[in-house]
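Peer 1: Take this structure first; my questions come after.
What follows is calculated from the coordinates using simple rules that are stated; it is not laboratory data. Only a predicted model underlies this, so the values are computations on that prediction, with no experimental measurement involved. For neighbour counting, all protein chains shown are included, and Cβ atoms are generated from backbone atoms with ideal geometry for every residue, glycine included.
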Ligand code: FES
């Protein structure tokens, strides 16, 4: 199973004026750095939104094609290593729980496709 980690670069879409870089862009840089350190830079993608907008900054972990999706909100750059490690462990098939440091920021979980 190949996990993917999607980081919203638009957050915070409600910030006035929008900072540059955005919170999401700062989060993306931290996540990319953490993924590079773990030798998996290809697992990270920038996206315009993961539907966590009212609670920026958002990211989503997809557990492979057709797999479940964890959506996170209110992330900070300090969360990047735990987020990448969680995605890797889920991709390896480990039935690991969301790390305690991220548990309060799971916005939703979408079940895997059946069949
Ligand atoms: S704008 Fe970042 S989750 Fe929607």
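Peer 1: Grab the Cα-Cα distance for residue 114 and residue 37, subtract it from 0.36 nm times how many residues apart they are, and report the gain in nm with one decimal.
Peer 2: So the extension gain works out to 24.3 nm.
Peer 1: Specify whether the C-alpha gyration tensor of segment 25-115 places it in the rounded, prolate or oblate class, a ≥ b ≥ c being the square roots of the eigenvalues: rounded for a/c under 1.5, otherwise prolate if a/b is larger than b/c and oblate if not.
Peer 2: rounded
Peer 1: Given points 7 Å out from each Cα along the Cα-Cβ axis, report the residue 103 to residue 89 separation in nanometres with one decimal.
Peer 2: 1.2
Peer 1: Mind telling me which of 97, 79, 12 comes out most flexible in a GNM of the chain, alpha-carbon contacts under 10 Å?
Peer 2: 97
Peer 1: Ok, one more. Let me know the shape class of segment 1-65, please: from the alpha-carbon gyration tensor, a ≥ b ≥ c as square roots of the eigenvalues, rounded when a/c is under 1.5, otherwise prolate if a/b is greater than b/c, or oblate.
Peer 2: Working: a/c = 3.43, a/b = 1.64, b/c = 2.09.
Judged from the Cα gyration tensor, segment 1-65 comes out oblate (a/c at least 1.5, b/c at or above a/b).
Peer 1: Sticking with this one: Using Cβ counts within 10 Å as a stand-in for footprinting exposure, how do 102, 111 rank, fewest first?
Peer 2: Starting with the residue having the fewest Cβ neighbours, the order is 111, 102.
Peer 1: Using packing as a proxy for protection, rank 14-22, 58-66, 34-42 so that the peptide with the highest average count of other Cβ atoms within 10 Å comes first. The partial results should precede the final answer.
Peer 2: Details: 14-22: 10.2, 58-66: 20.4, 34-42: 14.7.
In descending order of packing, they fall as 58-66, 34-42, 14-22.
Peer 1: Let me have the 222 nm mean residue ellipticity of the chain computed from DSSP H runs of 4+ only, each contributing -39500 (n - 2.57), with the sum over all residues rounded to the nearest 500.
Peer 2: That comes out to -8000 deg cm²/dmol.
Peer 1: Can you put 11, 53 in order, fewest other beta carbons within 10 Å first?
Peer 2: By the 10 Å Cβ count, ascending, the order reads 53, 11.
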